[in-house]
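The values are calculated or read from the model by the stated rules, or taken from the named source; none is laboratory data. What you are looking at is a predicted structure, and each value in this text was computed from that prediction instead of being measured. Glycine gets a Cβ as well: all are built from the backbone with ideal geometry, and neighbour counts include every protein chain shown. What goes into the accessible areas is simple: the full protein's heavy atoms, side chains included, and nothing from ligands, DNA or RNA. Shrake-Rupley method; radii C 1.70, N 1.55, O 1.52, S 1.80 Å.
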Amino acid sequence: MSICFDKVSKSFGGKKVLDQISFEINKGEIFFIIGKSGVGKSVTLKHIIGLLKPEQGNIFLDECCVNELNSEELTILRQKCGMVFQHPALLDFLNIKDNVCFGIRNQQLTAEELKKSACAKLALVHLNEKILNQYPHEVSFGMQKRVSIARALTLNPQYLLFDEPTTSLDPISKNAINDLILELSRSLNVTSVVVSHDIDCALKIADRILVLEDGKILALGTTTEIKNSKNPFLIEFLSETFINSWDQVS
Amino acid sequence: MITYVKNTGFDFLHEIGAITSFFIQAMRTFRKTKDNYDLITTQISLVLTRSYTTVMIAGIFVGAILVLQFDLMLRSYDAQIFLGGLNTSALVREIGPLLISFLLAGKIGAYSAAELGTMRVTEQIDAIECLGTNPIQYLIVPRMVAIMISSLILLMFGLVISIFSAMLIAQVFCGVNFLRFASSIPRFTGLWTISSGFIKSLVYSTIVASVACYKGYTATGGARGVGKAVTQASVYVCFYIVIANFLTSYFLDFIYEMGRLIFGIY
């Protein structure tokens with residue numbers, strides 16, 4: 001086990017977003033968290049990296065209780081994780097090279113070494129060095145997403161956390177990003193946690209899927225288990241929410 | 001009605017407390033950080049290049065307006081000899097710091113609130129945190145320190161422009177030549193006047209920096225949230241500056257009187 005949620009609860013303005021949820025994520029797996037909008041998918045992800053603290057329960061990352069760490073300890077822990085946000089979240093006042101190298105800018109590296117590192121990470125996400133000196137607004141949204149993945153890889157993380165990585169992308173870019181998640185997870189042997197509402201993609205690349213509904217776990221299992229589930233709530237949920245994708249998969 | 005007033009009062013106090021603790025947190029981070037000077041100098045140069053034309057234009061006209069108004073009053077008492085002194089004293093002591101802080105609030109404060117607010121709602125600040133950097137150290141401290149230092153530089157620049165503009169207007173329209181104008185300046189504008197002007201400017205710019213950065217940093221709710229943060233930053237800054245103006249004037253006058261009584265200094 002590498003990530004563990006133990007009876008975690010979280011509320012915002014009186015609304016319970018996570019209600020006593022417990023699950024484990026194994027090392028090296030691609031773990032999808034799916035559900036409708038507002039059920040607490042992103043909130044779950046942000047708890048892993050300590051951007052949010054639970055009201056009840058604990059989150060463990062490599063047997064270290066994330067919610068009990070102070071800011072210095074969190075900084076060290078975060079170096080194990082690469083986070084890709086829903087927005088590309090690139091710093092608009094820095095060029096692509098500086099964005100990619102942001103996490104290692106204080107590591108006493110020469111300009112040449114930084115450039116080399118940026119090129120290597122961009123190559124992993126199939127981008128070439130021509131865009132190094134461009135600013136985020138000068139490249140397409142799909143490219144910005146890839147750059148944000150490259151930035152998350154800079155610190156050679158053991159965990160990759162993706163918050164709706166394919167949102168606002170066209171179908172071709174969506175597939176490309178999904179393939180990239182699979183490729184990176186396998187080639188770099190990292191644990192990937194992906195928050196998505198794209199069941200199609202989840203069934204294609206996930207090892208296990210967690211379905212959230214109203215802050216509670218509706219289902220947790222492998223793709224086959226989820227697909228073949230007889231749980232009436234799950235069938236109803238999937239048919240309601242993802243009817244089009246579900247038809248394609250079936 | 002009573003509940004409304006009570007709630008508004010509590011909200012106001014809560015806001016002041018939150019802004020103060022945000023400022024203290026930023027200053028503590030500044031004290032702990034050693035390699036922030038590049039970011040600070042970059043921010044200072046940005047603030048100065050964005051503000052100097054506005055300060056220059058405002059300085060020219062404020063100097064000119066003041067000298068015309070003072071001339072109107074002094075002429076009737078045949079006391080034009082004091083024109084330079086009164087004009088400079090008013091500029092250094094009150095108008096200059098107030099004007100610079102309002103200009104900074106409108107231009108740099110609103111800009112910072114919008115920039116930080118956009119960074120917050122597009123998760124750029126979260127990304128910085130996830131990449132092992134303290135966003136207060138990387139984003140807030142350089143902006144705050146830059147606004148505070150720049151305000152003093154801009155005050156100096158604005159005062160020089162205003163005084164020269166006032167001298168020119170006094171010569172052309174009021175018949176007071178440069179020498180006559182300058183001769184009364186030391187009489188009204190001593191070291192204490194200059195110091196109090198700069199102290200006020202520092203206090204106001206601290207308010208501009210703290211409120212603008214706090215409002216931007218804590219913005220929520222997409223584009224609407226950023227808009228709200230910018231509006232609140234601009235309005236609240238002006239409101240807080242007016243209050244601070246009264247308090248600093250009172251406090252500095254008190255210190256001046258105490259100093260005069262105890263040490264007999266001017």
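Values computed for the structure shown
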read-out: The one condition in (1) away from chain A (no Cβ under 14 Å); (2) open to solvent by 20 Å² or more (accessible area, probe 1.4 Å); (3) not aliphatic (A, V, I, L, M) that B:G109 fails to fulfil; value: (2)
read-out: Residue match in segment A:106-120 (condition: in contact with a strand residue (DSSP E or B) (Cβ under 7 Å, 6 or more places away or on another chain), away from chain B (no Cβ under 12 Å) and among the β-branched types (V, I, T)); value: no
read-out: Unmet criterion (only one of (1) touching a helix residue (DSSP H, G or I) at 6+ places or on another chain (Cβ under 6 Å); (2) over 23 Å from A:T44 (Cα atoms)) for A:R151; value: (2)
read-out: Candidate set: segment A:35-53, residues that are more than 14 Å from the chain's Cα centre (by Cα) and away from chain B (no Cβ under 14 Å); chosen: the one most open to solvent (accessible area, probe 1.4 Å); value: A:S37
read-out: Yes/no for A:G28 being facing chain B (nearest Cβ under 10 Å), on the phi > 0 side of the Ramachandran plot and either under 15 Å from the mean Cα position of the chain (by Cα) or of a type in the set (A, V, I, L, M) (or both); value: no
read-out: Residue check for A:A89: within 9 Å of chain B (Cβ to nearest Cβ), buried (at least 17 other Cβ atoms within 10 Å of the Cβ) and either in a helix (DSSP H, G or I) or modelled with pLDDT of 90 or more (or both); value: yes
read-out: Qualifying positions in segment A:60-77 - within 14 Å of chain B (Cβ to nearest Cβ), open to solvent by 10 Å² or more (accessible area, probe 1.4 Å) and either assigned to a loop (DSSP other than H, G, I, E, B) or closer than 17 Å to A:D163 by Cβ (or both); value: A:L69, A:N70
read-out: Residue check, B:A223 of a type outside the set (S, T, Y) and open to solvent by less than 50 Å² (accessible area, probe 1.4 Å); value: no
read-out: Among residues of segment B:213-255, those that are hydroxyl-bearing (S, T, Y) and over 25 Å from B:P142 (Cα atoms), counted; value: 3
read-out: Flag for A:F32 being open to solvent by 20 Å² or more (accessible area, probe 1.4 Å) and either in contact with a helix residue (DSSP H, G or I) (Cβ under 8 Å, 6 or more places away or on another chain) or outside any loop (DSSP other than H, G, I, E, B) (or both); value: no
read-out: Residue satisfying condition, being buried (at least 23 other Cβ atoms within 10 Å of the Cβ) and touching a residue at least 12 places away in the same chain (Cβ under 8 Å), within set A:V125, A:V84; value: A:V84
read-out: Set B:T49, B:T33, B:T42: member being over 29 Å from B:S165 (Cα atoms) and open to solvent by 60 Å² or more (accessible area, probe 1.4 Å); value: B:T42
read-out: Test: A:L94 is more than 14 Å from A:F162 (Cα to Cα) and facing chain B (nearest Cβ under 9 Å); value: no
read-out: Given (1) within 14 Å of another protein chain (Cβ to nearest Cβ); (2) in a helix (DSSP H, G or I); (3) under 22 Å from A:S173 (Cβ atoms); (4) of a type in the set (G, A, S), index of the condition A:A123 fails; value: (1)
read-out: Any helices (runs of 4 or more DSSP H) falling wholly within segment A:150-250 and containing at least 3 residues that are at pLDDT 90 or above and open to solvent by 80 Å² or more (accessible area, probe 1.4 Å); value: none
read-out: Residue within segment B:139-150 that is surrounded by fewer than 24 Cβ atoms within 10 Å (Cβ to Cβ) and within 14 Å of another protein chain (Cβ to nearest Cβ) present; value: yes
read-out: Leading residue by the ranking (nearest to the other protein chains (Cβ to nearest Cβ)) among those in segment A:147-168 that are out of contact with any Phe, Trp or Tyr (no Cβ under 7 Å at 6 or more places or on another chain) and without any contact (Cβ under 8 Å) to a residue 40 or more places away in the chain; value: A:N156
read-out: Test: B:G132 is small (G, A, S) and either within 14 Å of chain A (Cβ to nearest Cβ) or crowded, with 21+ Cβ neighbours inside 10 Å (or both); value: yes
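Here is a yes/no grid of residues against (1) among the small types (G, A, S); (2) within 21 Å of the chain's Cα centre (by Cα); (3) in a helix (DSSP H, G or I):
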position: B:L13; (1), (2), (3): no, no, yes
position: B:A18; (1), (2), (3): yes, yes, yes
position: B:S21; (1), (2), (3): yes, yes, yes
position: B:T29; (1), (2), (3): no, no, yes
position: B:K34; (1), (2), (3): no, no, no
position: B:D38; (1), (2), (3): no, no, yes
position: B:I44; (1), (2), (3): no, yes, yes
position: B:M56; (1), (2), (3): no, yes, yes
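Rundown of residues vs (1) over 20 Å from B:D38 (Cβ atoms); (2) open to solvent by less than 10 Å² (accessible area, probe 1.4 Å); (3) within 14 Å of another protein chain (Cβ to nearest Cβ); (4) modelled with pLDDT under 95, yes/no style:
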| residue | (1), (2), (3), (4) |
| --- | --- |
| B:A114 | yes, no, yes, no |
| B:I161 | yes, no, no, no |
| B:V176 | yes, yes, no, yes |
| B:F181 | yes, yes, no, yes |
| B:R187 | yes, no, no, yes |
